[in-house]
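None of the figures in this text is laboratory data; all of them are computed from the coordinates on show. Bear in mind the structure is a predicted one, so any value in this text is a computation, not a measurement. Using ideal geometry, Cβ is built from the backbone for each residue, glycine included, and neighbour counts are taken over all protein chains shown.
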Amino acid sequence: MDRLDLQTPDFTEEHIHKLAELFPNCVTETADEKGHIKKAIDFDLLKQELSAYLVEGPKERYRLDWPGKRASLLKANTPITKTLRPAREESVNFDTTQNLYIEGDNLEALKLLQEAYLGKVKMIYIDPPYNTGKDFVYKDNFARSREEELMESGQVDEEGNRLVQNLESNGRFHSDWLSMMYPRLRLARNLLRDDGVIFISIDDNEVHNLRKMCDEVFGEGNYIAEFIWEKTFRPSNFGKTTRKNTEYVISYSKSNPIELKGSLEDSKGDFSLTKKLHNTHTLKCPSNYVHVNFQDGIYKKGKYGDGYELLDDIYVKNGKVKNEFRIKIKQSIWSQKHLNNEIDRGVYLVLKNEKTMALYARKVYKKNELKPTTLLPNDIVGDVLEANKEINNLFKTNLFDYPKPSSLPKYLMTTCTEDEDIILDFFSGSATTAHAVMQLNAEDGGNRRFIMVQLPEPTDPKSEAYKAGYTTIADIGKERIRRAGKKIKEENKEKEGIEKLDIGFRVLKVDSSNMKEIYFTPDEVSKESLFETVDHIKEDRTPEDLLFGVLVDWGVDLSLPIRTEEIEGKTVYFVGHGDLVACFEEDIDENFVKTLAKKLADEDVLRVVFKESGFEDDNIKINTEQIFKQLAPAVEVRVV
Ligand SMILES: C[S@@+](CC[C@H](N)C(=O)[O-])C[C@H]1O[C@@H](n2cnc3c(N)ncnc32)[C@H](O)[C@@H]1O
């Protein structure tokens with residue numbers, strides 16, 4: 001019976017495989033440092049094959065390079081033996097939610113997600129450290145051996161020294177940042193669907209380098225746009241040379257450039273009624289024609305701000321004025337005749353604000369005319385003040401520096417995601433993206449799912465967050481999702497179907513392997529420790545730890561529903577709809593295996609896994625494979 005391969009994919013091996021398909025003659029064999037034979041590429045032969053198209057040595061070429069690039073690529077390709085351990089008590093609706101909160105270094109988390117989420121993520125939004133000269137950047141230790149990695153506790157924050165401040169005085173200031181981003185983007189690309197899109201927030205410090213890096217990672221032809229985000233609507237003295245009030249969101253698609261969807265609410269399509277001057281001051285607006293941007297209700301006639309006066313009460317229902325009404329406007333506006341012509345052309349009017357009753361005309365675009373403008377619409381996407389307000393509303397204090405407003409990732413989601421899509425943010429900070437996913441689902445009835453990744457970066461002991469009991473940024477992120485989820489549900493309690501809104505999340509923590517080191521290096525087992533191979537699972541690991549280890553290694557969706565059943569007194573886990581069944585009990589005997597095999601054959605189960613040391617004896621272990629072959633041949637059987 002095969003053991004599960006307990007490490008993340010080795011991308012170098014996979015690349016050799018792909019090269020072998022194209023150039024089988026260039027594949028040869030060589031020995032590694034321990035004398036094991038492995039496949040390799042005969043580079044001299046490959047060069048001959050491509051000789052007319054090679055750039056070599058000192059020849060000039062166009063590319064982005066920095067010291068450390070090669071090492072960081074190696075880092076992306078090197079497998080790790082870590083795992084994800086569930087934290088039930090920190091999760092919400094653990095067994096049923098489809099959302100994930102992964103705590104740990106995102107390089108490791110991205111590797112652990114490779115098998116289960118390869119080509120499955122529709123949208124990635126990230127807001128990485130901008131390299132402002134003050135950021136803490138997670139230094140990947142390229143020199144670490146696998147043995148060292150295995151010995152690690154997995155509590156990365158306790159190591160402390162790997163999270164270092166990247167100061168401008170650092171001679172490798174840009175290189176260190178690029179080396180941090182490069183392997184992460186390479187791994188992130190693998191997770192995107194073919195029609196997937198990545199959006200990356202960034203500012204002037206690294207935008208030029210990031211664009212070049214993304215050209216390389218995603219392909220220049222897949223560049224979509226560099227959106228501009230107005231980060232403050234009231235610019236004070238931010239920059240040395242200018243009052244910088246904008247940042248960027250650069251975007252690329254995974255493969256062929258895709259067309260993003262614009263929003264009907266995007267007011268950049270609105271135009272003022274004063275454009276075609278006619279000395280009219282009062283307009284009669286037909287019922288059901290004027291759209292509003294505020295709540296349903298009755299609004300009394302009278303004077304409002306900026307020179308607008310309602311001459312009749314208006315009744316607003318479902319976002320439209322339901323009665324015919326007159327509005328008087330101080331400026332000269334369209335004639336009534338012009339308005340009637342515009343109605344015929346498909347233009348409609350919008351009352352934007354209940355305080356001013358300012359009236360605008362809005363062109364209705366044909367569906368294919370609707371694409372987002374590269375200047376993010378500032379009446380949909382908020383600024384930093386709004387972002388701080390959101391945190392303040394939830395926590396009554398400012399717990400997190402520089403969050404994004406949830407309206408930013410939410411707007412980006414409207415441009416490319418729908419119903420069941422997966423949205424990933426692997427620099428999730430205060431979990432703004434998770435907040436946005438839940439909010440958008442509440443608004444449009446979607447079932448989008450999120451995966452957040454966040455390092456348990458310690459908060460400053462002097463900070464508000466620390467004083468309020470949040471010792472890591474991950475603690476802030478998780479609590480934000482709990483609070484935001486409750487709030488969104490409460491605010492939408494009248495809405496049909498709101499009870500189905502998924503405000504839960506499953507917390508999984510990056511940790512060392514569930515297996516003792518001996519498992520990975522059987523040839524190094526000494527006589528004294530030989531008996532240890534009987535059970536190579538670490539003592540502190542629970543059956544649920546093992547279950548998630550198996551999901552990671554077998555590439556099974558980590559957010560599938562899980563239930564347990566007692567079968568002949570043994571606990572059996574059922575994941576998804578036949579995706580995986582697991583039993584990590586002791587004393588597994590033939591009767592139990594037969595009962596289980598019959599049941600799994602009836603239920604169309606794909607995979608089953610046992611604990612290797614759980615079988616009563618070696619014969620039963622061998623027979624198990626035979627029993628399944630006879631009674632449930634479609635089920636793949638493995639052990640850990
Ligand atoms: C600019 S913040 C993101 C803010 C987020 N958009 C929000 O609105 O709250 C970047 C976050 O990435 C986290 N981070 C940095 N390096 C990381 C790594 N290697 N793995 C996971 N998270 C990391 C930092 O702790 C920080 O919280």
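Using the Kirkwood radius over C-alpha pairs as Rh, can you work out the diffusion coefficient of the range 1-89 via Stokes-Einstein at 20 °C, viscosity 1.002 mPa s, in µm² per second?
The estimated diffusion coefficient comes to 128 µm²/s.
Simple rule: put +1 on each Lys or Arg Cβ and -1 on each Asp or Glu Cβ in the chain, find the dipole, and look at Pro372, Gly57, Ile41; the Cα lying farthest toward the positive end is Pro372. Using the alpha-carbon positions of the range 377-532, Rg (one decimal) and Dmax (whole number) come out as 20.1, 71 Å.
Bridgeable aspartates and glutamates around Lys300 (alpha carbons under 17 Å apart, same-chain partners fewer than 8 residues away excluded): Glu309, Asp312, Asp313, Glu324, Glu354. Among the listed pairs Lys500/Lys611; Lys34/Lys111; Lys231/Lys396; Lys122/Lys599, those with a Cα-Cα distance over 28 Å are Lys500/Lys611; Lys122/Lys599. Across the range 625-640, no residue has a backbone nitrogen under 19 Å from the label position 7 Å along the beta-carbon direction of Arg563. Between Lys18 and His577, full extension at 0.36 nm per residue minus the direct alpha carbon distance yields a gain of 198.0 nm. Scaling the Cα radius of gyration of the range 267-364 by the globular reference 2.2 N^0.38 Å produces a ratio of 0.97. When each of the peptides 70-80, 399-409 is scored by the mean number of other C-beta atoms lying within 10 Å of its residues, the order from highest to lowest reads 399-409, 70-80. Over the C-alpha trace of the chain, radius of gyration and Dmax come out as 29.2, 100 angstrom. So if we plug the beta-carbon distance of Asn623 and Asp65 into 1/(1 + (r/R0)^6) with R0 = 51 Å, what FRET efficiency do we get, rounded to 0.05? Efficiency at R0 = 51 Å is approximately 0.30.
Distance between the pseudo-spin-label points of Asp10 and Leu118 (7 Å out from Cα toward the beta carbon): 1.5 nm. The charge dipole of the range 8-61, taken about its Cα centre with unit charges on the Cβ atoms of Lys, Arg (+1), Asp and Glu (-1) only, comes to about 100 debye.
Here each label is just a point 7 Å from Cα along the line to Cβ, and for Tyr466 and Tyr315 those points are 6.0 nm apart.
Checking the cross-link pairs Lys303/Lys363; Lys134/Lys478; Lys320/Lys363 against a 18 Å limit on the alpha carbon distance flags Lys303/Lys363; Lys134/Lys478 as lying beyond it. Beta bridges from DSSP with both residues in the chain: antiparallel share about 65 percent, rounded to the nearest 5.
Once both labels are modelled 7 Å past Cα along the beta-carbon direction, what's the Arg88-Phe233 spacing in nm? Distance between label points: 4.7 nm.
Might you report the magnitude of the Cβ-based charge dipole of the chain about its Cα centre, with Lys and Arg at +1 and Asp and Glu at -1, to the nearest 20 debye? Walk me through the numbers on the way to the answer.
Numbers: 93 positive and 113 negative charges, 960 e Å.
Here the size comes out at about 4620 debye.
Most exposed first by the Cβ proxy, i.e. fewest other Cβ within 10 Å, how do Phe23, Phe615, Phe505, Phe395 rank?
The order, fewest Cβ neighbours first, is Phe23, Phe395, Phe615, Phe505.
Footprinting exposure proxy ranking of Ser272, Ser91, Ser513, fewest other C-beta atoms within 10 angstrom first, gives Ser272, Ser91, Ser513.
Kirkwood's formula applied to the C-alpha pairs of the range 543-640 gives a hydrodynamic radius of 13.2 angstrom. Taking 18 Å as the cut-off, the amide N atoms of the range 191-212 that come nearer than this to a point 7 Å along the Cα-to-beta-carbon line of Lys240 belong to 203-208.
When every alpha-carbon pair in the range 350-423 is counted, what percent end up more than 13 Å apart? Show your work: numbers first, answer last.
Working: 2064 of 2701 pairs.
When all Cα pairs of the range 350-423 are counted, 76 percent exceed 13 Å.
Here the calculated FRET efficiency for Met1 and Asp95, from their Cβ-Cβ distance with R0 = 30 Å, stands at 0.55, rounded to the nearest 0.05.
Taking the number of Cβ atoms within 10 Å of each Cβ as an exposure proxy, the fewest-first ranking of Tyr252, Tyr62 is Tyr62, Tyr252. Its convex hull of Cα atoms gives the range 404-449 a direction-averaged projected area, equal to a quarter of the hull surface, of 2.8 nm².
In terms of distances greater than 30 angstrom between alpha carbons, the cross-link table entries Lys389/Lys467; Lys404/Lys487; Lys212/Lys467; Lys355/Lys410; Lys75/Lys410 yield Lys212/Lys467; Lys75/Lys410.
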